[in-house]
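Here is the structure we will look at.
The values are calculated or read from the model by the stated rules, or taken from the named source; none is laboratory data. The model shown is predicted, which means the values in this text are computed figures rather than measured ones. Don't worry about glycine lacking a Cβ; one is built from the backbone with ideal geometry, like all the others, and counts go over all protein chains shown.
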Amino acid sequence: MSVSVAHLTSDEMVAHHFDSPPLARRATAAIAGASMVIAVVLSALMGGVAPARVLAIGAVVYALSIYVVSRRVEGRRRGFDRLVTTLVTGAFLLVTIPLVSVIWTTIDRGSARFDSAFFTETMRGVVGAGGGAKHAIIGTLIITGLAALMSVPIGILVAIYLVEYGRRNRLSSMITTMVDVMTGIPSIVAGLFAYSLFAVFQGPGARSGLAGAVALTVLMTPVVVRATEEMLRLVPNDLREAAFALGVPKWKTIVKVVLPTAIGGILTGITLAIARVIGETAPLLIACGLAQDTNLNPLSGRMTTLPVMSYYGYVAPGFPPEAGYDRGWAAALVLIIIVLALFTVARVIAKVLQPKGLR
Amino acid sequence: MSTDITDDINRDTGDDFASGQVNRVGDRVFSGMSRGAGLVILVTLAGVALFLIWRALPALTADPSEIGPGGSEGNGSGFLPYVGTLVFGTVWASVIALSIAVPFGIAIALFISHYAPRRLSRTLGYVIDLLAAIPSVVYGLWGIFVLAPAMAKHVYPWFNDHLGFIPFFSGKVLASGRSMATVGLVLAVMILPIITAISREVFLQTPRLNEEAALALGATRWEMIRIAVLPYGRSGVISGAMLGLGRALGETMAVALILAPANVYSFKLFTSQNPNTIAANIALQFPESTGLEVNTLIATGLVLFAITLFVNVMSRRVSRGRVA
Amino acid sequence: MRISSKRFIAGAMAAAFVLASCGGDDDTTTTDAPPVTDTPGATTPGSDMAPVSGTLVGAGSSAQAAAMAAWQAGFQAVNPDATVEYDPIGSGGGREQFLAGATDFAGSDAYLKDEEYQTSIDRCAGDQGAINLPHYISPIAVAYNLPGVDALNLTPAAIAGIFAGTITNWSDSAITDANPDITLPDEDINPVHRSDESGTTENFTDYLSAVQPDVWTYGKVKAWPEGIGGEGAPQTSGVIQSLNAGEGSIGYADASQVGELSVALIGVGDSFVQYTPEAAAKSVEVSNRVEGRSPYDFGFELDRTTTAAGVYPITLVSYHIVCLQYEDQAKVDFVKSFMTYVGSQAGQAAAAAAAGSAPISDDLRTQLLESIDQISVAG
């Protein structure tokens, strides 16, 4: 304990703080064990020793008894601190149950059809079992790619305008408000908009990948604007002023100094925005329809994406339904893997391009 | 409008540091492009709003007897009674979700930022972000295949038996679990990562000095959090909750897949008589709708738009307050 | 589940006079070509015509989506250069898009209304408008979940009472009187209905309002009426799932999807009828055609109150709506070729295997083929 306190981080200080209390680790373990025994007895009395019930009762008993014991041994404040620690940890453990369950269910049910045929075959001419999601994977890539192609340049330029050019003028505050409004557009409304927009040009019943991409663009652009705006604002003003002082024109400053400094954060934001829209179902149901076969032309014809395929796998599984359910879950699994991959990419980008001195 | 923009242009070039002719052109092009992109946003949004209003108008101006279920036979109840239960259901489901997700969100954010070991906390933060991006159709499928039957079998009957005197838990428990409670839980699970991610971010930004000062004064970890972390992060938590609320209000597929809807006002959580939400109702009814029914659904979409807009503006207010 | 689906496939196939070897194979999860595509193309009447190419676009009824998948597969196997697209967006949307000229044909659980028929005269080439071809006949089963009760007779009055919410207990005399041999539990009934608008609901409520207008006062509706309780579930899958989950539940659903659930026998006249493809197909034969249309139109006003023996009255008839005249020859060839295939024995058998539908009778087939033959280029 001779280490000077000034060198400790707060984490270490907390640890340091906790090494000393009279309530030893062994004592807490004993309380935990006793709580579990009580829980088993209690749940037996309540009609059945189910593991879930024992754990739930045990957690409550533990939280109460650690509070009471610690309060008597260590005092009121420490006792309450232990109670909060137990509650926070308990809340975390409780929440992991549904989240793990979501992932596990998808993997478990999705793996039935997670085979090579699922990636190499389409649903053309498939009745009952068999078939694959090649068309939906391609459709997902095309539609999301187009949406990114439209929303990323617009989003970045808008953010540049907001941060670099239109500081607090009327247009920029108007745009900021409108971006807020756009964030609030429910996805199904975006789908309705895209559908009727294309219906003007192509007549009613117009379904195309592009219409879906437009719907996703409406949803994605504000996310890109906000992420980019946030990152641009993090770029220190000193950098800009230094460039201006050297006589570098403003646009060059933005392109060569500001953007490269913020590029890691911007790319991360874009990747996360893509991950968000890639799973959209409701707008694509309306704007893209359902196709059984690969369609490479986003300008005309229906196009299926993975979430839509997953949805139809449940609502229209065919006869017998098991094959449809399996395909639906497999599509969901592929989707989650894609999202996971995008997140990993975002993390790598953030790490590689992170400018030194920021964060 | 046009004069505003001319003003803006003048102001833009006013703070231009460049001097050479060539550079000026580059600047003009670049600032023009970025302003153009901003205008695209305005035009798009105006397009969405105009389209919504334009397509909703026939429903708002039509004879009330033609709107709502039975409207095609002239037995409809009118737009306001129709949208009333939907608004109620939308808000009610979101309130349930929020009241579950906010306490848990804060607790988990605290766990990640102040309780978990440093190395674990980075990974956990990443996992939480990832969960925020899981498509809603997956949550919906999980809700109906896994959560609804499990809760209806093991949890709801217990509440119904022991706490049935509380109106929320009264009534006959729906065996399939397609009830408001399940929807609230699934929505809570869906928005939890959002609330957690934003709360964690602001908790981590608590000035280190404040925390260390509290600890140096002999505060316990909880006291340090109460004194230093929570006050600092409060507005962040609120804006996270608002964002979560926005997502819950607009959630479509998960609700449509799970809920057993009926056009009623009901606070009961476990029964078969649940108010539907606007977004789920659109998804369920749109495919088989024609004519005025489509207009009615779009009008409800307009109402939903207004509600989420309100929530988002509020959230922006709060988070701006944080920055300032 | 597996056993009952197999039995159902077998029954459907037998009814369609197709050898079991053509498609009665088990539904194992191999990725081999599905049974339907194995059906030799030479036996399909559609292949008498020259193969067609291009794309035919249809949209509409989601009830016939599974059958359409089989028809697409069967047709495209014979016409490899042809693509039939079908968007299961719902009957209303299907008719709307067809009438707007966005699609070449519509799938619809209801025949064209009078004013829609008038619109179709403008939409189609020539001046003969569109015709309704009843290509998909599907019994709607009343399925229930009561462990230990395998057979249940339900009179029309009992069904209407249960779904209107006036009969709320399984031991109600309206139910027990028709089932003297079984003991029904003293348990609340949980009636399950579709929460989305659907042709299944429309046909089911049409039946209820036809047989018991005093009990079911809500008429023929696509969306379940307000204020009469019951559990709503999305799509057929949702209804089946709710029925499986809840003891004491009863619901109506496409018969092919009920799986292991027990299915009630429906009171017709003095007897109780089990749903079978034949009994469902008969419900069309005892019905009258809609008047005031083209002589080639086969819209049926289904007779729900029939007392004829062996007729299952709760039937969904889904139509293909096509123009009698199109602008160009290629379209005419395609429509004729596809519709001929769909109505053929092979086409109907494929739908029966894939969707559990009831094959149309030979008599009706002959008449429909005459109608399809009339499709031509406007001139």
Regarding the range A:216-228, can at least one residue be identified that is assigned by TED's automatic domain parsing to the domain that holds residue A:279, over 19 Å from the mean Cα position of the chain (by Cα) and part of a helix (DSSP H, G or I)?
no
Quick one: in the range B:233-251, which of the residues that are within 10 Å of the chain's Cα centre (by Cα), modelled with pLDDT of 85 or more and hydrophobic (A, V, I, L, M, F, W, C) is nearest to residue B:306 (Cα to Cα)?
B:249
It is to be established whether one or more residues within the range A:250-261 are touching a helix residue (DSSP H, G or I) at 6+ places or on another chain (Cβ under 6 Å), more than 30 Å from residue B:25 (Cα to Cα), of a type outside the set (Asp, Glu) and surrounded by 18 or more Cβ atoms within 10 Å (Cβ to Cβ).
no
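Would you mind finding the one in C:242, C:237 that is under 20 Å from the mean Cα position of the chain (by Cα), among the hydroxyl-bearing types (Ser, Thr, Tyr) and not in a loop (DSSP other than H, G, I, E, B)?
Within the list C:242, C:237, the selection yields C:237.
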Answer residue from the range B:23-45, given it is of a type outside the set (Val, Ile, Thr) and more than 7 Å from chain A (Cβ to nearest Cβ) and is farthest from residue A:246 (Cα to Cα) among those:
B:39
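Scan the helices (runs of 4 or more DSSP H) fully inside the range B:236-323 and keep the ones with 3 or more residues being at the interface with another protein chain (Cβ under 8 Å from one of its Cβ atoms) and in contact (Cβ under 8 Å) with a residue 60 or more places away in the chain. Explain how you work it out, then say what you get.
Values: elements: B:253-258, B:278-285, B:292-323.
Helices (runs of 4 or more DSSP H) meeting the threshold: B:253-258, B:292-323.
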Some residue of the range A:128-145 being of a type in the set (Gly, Ala, Ser), surrounded by 17 or more Cβ atoms within 10 Å (Cβ to Cβ) and modelled with pLDDT of 90 or more
yes
Please go through (1) in contact with a helix residue (DSSP H, G or I) (Cβ under 8 Å, 6 or more places away or on another chain); (2) within 7 Å of chain B (Cβ to nearest Cβ); (3) within 29 Å of residue B:270 (Cα to Cα); (4) free of Cβ contacts under 8 Å to residues at least 60 places away in the same chain for residue C:219 and return the number of the only condition it doesn't satisfy.
(3)
Residues that are surrounded by fewer than 24 Cβ atoms within 10 Å (Cβ to Cβ), touching a strand residue (DSSP E or B) at 6+ places or on another chain (Cβ under 8 Å) and more than 9 Å from chain A (Cβ to nearest Cβ), drawn from the range C:67-83:
C:81, C:82
Counting only strands (runs of 3 or more DSSP E) wholly inside the range C:256-363, the ones holding at least 3 residues that are buried (at least 22 other Cβ atoms within 10 Å of the Cβ) and of a type outside the set (Val, Ile, Thr) are C:315-323
Please pick out the residue among C:88, C:35 that is within 14 Å of chain B (Cβ to nearest Cβ), at pLDDT below 80 and buried (at least 19 other Cβ atoms within 10 Å of the Cβ).
C:88
Picking from A:246, A:272, the residue that is over 30 Å from residue C:85 (Cβ atoms), at pLDDT below 85 and either over 29 Å from the mean Cα position of the chain (by Cα) or assigned by TED's automatic domain parsing to the domain that holds residue A:221 (or both) would be A:272
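Residue by residue, here is whether (1) without any contact (Cβ under 8 Å) to a residue 40 or more places away in the chain; (2) of a type in the set (Gly, Ala, Ser); (3) surrounded by fewer than 18 Cβ atoms within 10 Å (Cβ to Cβ) holds:
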residue	(1), (2), (3)
B:131	no, no, no
B:156	no, no, no
B:198	no, no, no
B:201	yes, no, yes
B:213	yes, yes, yes
B:221	no, no, no
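Do the conditions hold for residue C:155, that is, is it polar (S, T, N, Q), in contact with an Asp or Glu (Cβ under 9 Å, 6 or more places away or on another chain) and either surrounded by fewer than 24 Cβ atoms within 10 Å (Cβ to Cβ) or under 23 Å from residue B:277 (Cα atoms) (or both)? Reasoning before the result, please.
Working: polar (S, T, N, Q): yes; in contact with an Asp or Glu (Cβ under 9 Å, 6 or more places away or on another chain): yes; either surrounded by fewer than 24 Cβ atoms within 10 Å (Cβ to Cβ) or under 23 Å from residue B:277 (Cα atoms) (or both): yes.
So residue C:155 passes the test.
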Has the range A:280-292 got at least one residue that is part of a helix (DSSP H, G or I) and in contact with a strand residue (DSSP E or B) (Cβ under 9 Å, 6 or more places away or on another chain)?
yes
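Kindly indicate which of B:125, B:143, B:177 is under 24 Å from the mean Cα position of the chain (by Cα) and on the phi > 0 side of the Ramachandran plot. Break it down into steps so the answer makes sense when it comes.
Details: B:125 fails: on the phi > 0 side of the Ramachandran plot; B:143 fails: on the phi > 0 side of the Ramachandran plot.
The unique qualifying residue is B:177.
Every residue, every condition in (1) of a type outside the set (Phe, Trp, Tyr); (2) more than 28 Å from residue B:128 (Cβ to Cβ); (3) surrounded by 18 or more Cβ atoms within 10 Å (Cβ to Cβ), yes or no:
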residue	(1), (2), (3)
A:30	yes, yes, no
A:68	yes, yes, no
A:83	yes, no, yes
A:90	yes, no, no
A:101	yes, no, no
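With respect to residue A:315, is the statement that it is within 12 Å of chain B (Cβ to nearest Cβ), touching a Ser or Thr at 6+ places or on another chain (Cβ under 8 Å), closer than 20 Å to residue C:68 by Cβ and surrounded by fewer than 24 Cβ atoms within 10 Å (Cβ to Cβ) true? Write out each step before concluding.
Numbers: within 12 Å of chain B (Cβ to nearest Cβ): yes; touching a Ser or Thr at 6+ places or on another chain (Cβ under 8 Å): yes; closer than 20 Å to residue C:68 by Cβ: yes; surrounded by fewer than 24 Cβ atoms within 10 Å (Cβ to Cβ): yes.
Taking the combined requirement at face value, the residue satisfies it.
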One residue is enough: does the range B:184-202 have a residue meeting the conditions closer than 26 Å to residue B:275 by Cα, assigned to a helix (DSSP H, G or I), more than 23 Å from the chain's Cα centre (by Cα) and facing another protein chain (nearest Cβ under 10 Å)?
no
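With respect to residue C:253, is the statement that it is of a type in the set (Gly, Ala, Ser) and buried (at least 23 other Cβ atoms within 10 Å of the Cβ) true?
yes
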Counting only residues that are farther than 28 Å from residue C:88 by Cα, of a type in the set (Val, Ile, Thr) and surrounded by fewer than 22 Cβ atoms within 10 Å (Cβ to Cβ), which one in the range A:184-240 is farthest from the other protein chains (Cβ to nearest Cβ)?
A:235
Count, please, the residues in the range C:186-205 that happen to be away from chain B (no Cβ under 14 Å) and under 16 Å from residue C:146 (Cβ atoms).
1
